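Scroll down for the structure; my scribbles are underneath it.
The values are calculated or read from the model by the stated rules, or taken from the named source; none is laboratory data. No experiment lies behind these values; they were computed from the predicted model shown. Positions of Cβ are backbone-derived with ideal geometry, glycine not excepted, and every protein chain shown enters the neighbour counts.
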Amino acid sequence: LTSGKDGTLTLEAVAKTFRYLDPEEVSAQRKAAIGKKGAKK
C-alpha cells in the first residue's frame, strides 16, 4: 500500500488459487516421485 504525490492510494496484490488434482494427475505425480526416489539410489 503506497500513497502517491496527490494523496491517492495504490494497492498491489497477488492472488493465488488452488484446485484439487484429478485422479490421473495424482497417479502421475506419484509415479514421478517414485521414479525420482529410484534414480537417487
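Among the residues of the range 1-25, the ones that are under 16 Å from the mean Cα position of the chain (by Cα) and in a helix (DSSP H, G or I) come to 1 in all. Here 2, 10, 17 are screened, and the one residue that is in contact with a Gly (Cβ under 7 Å, 6 or more places away or on another chain) and not hydrophobic (A, V, I, L, M, F, W, C) is 10.
Say whether the condition of being at pLDDT below 85 and among the small types (Gly, Ala, Ser) is met by at least one residue in the range 25-38. Yes, because at least one residue in the range 25-38 is at pLDDT below 85 and among the small types (Gly, Ala, Ser).
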